[in-house]
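The values are calculated or read from the model by the stated rules, or taken from the named source; none is laboratory data. This one's a predicted model, so the numbers in the text were calculated from it and none came from an experiment. Neighbour counts run over all protein chains shown; Cβ positions are idealised from the backbone, glycine included.
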Amino acid sequence: METRNARIGLILFFVYLALYGGFVFLSAFSPDTMEATPVAGVNVAILYGFFLIIAAVVLSLIYGLVCDGNDAPGSASPKADSTGDGEGSK
């Protein structure tokens, strides 16, 4: 399970890295694009920056939901019941 969580974390990291790379690429090679003001006088650089912050929060929420911690050490799973009656030990 830890390997699965690590794989998911790396995938989400690379998604964010691609988004951030786009920001850096636009800043370095197309500054005129970043200076454009498409919404209420706010430039693309600011909008993209806010998008990156929101994307980081969304990706962390996705990670938290997908890797919900059921594999934590000490957590009992339903299959760990040795009595066979589904009620656990009393």
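Things worth noting here:
- Residues (part of a loop (DSSP other than H, G, I, E, B) and either at pLDDT 90 or above or more than 18 Å from Arg7 (Cβ to Cβ) (or both)) located in the stretch 42-71: Asn43
- Long-range neighbours under 6 Å by Cβ, at least six apart or interchain, first residue among the β-branched types (Val, Ile, Thr) within the stretch 4-21, second assigned to a helix (DSSP H, G or I): Ile8/Val66
- Only a single item in (1) touching a helix residue (DSSP H, G or I) at 6+ places or on another chain (Cβ under 8 Å); (2) of a type in the set (A, V, I, L, M, F, W, C); (3) at pLDDT 95 or above is not met by Leu17, and it is number (1).
- Cross-chain or 6+ apart pairs with Cβ under 8 Å, the stretch 49-67 first and farther than 20 Å from Thr37 by Cβ and touching a residue at least 24 places away in the same chain (Cβ under 8 Å), then hydroxyl-bearing (Ser, Thr, Tyr) and surrounded by 10 or more Cβ atoms within 10 Å (Cβ to Cβ): Ala55/Tyr16; Ala56/Tyr16; Leu59/Tyr16
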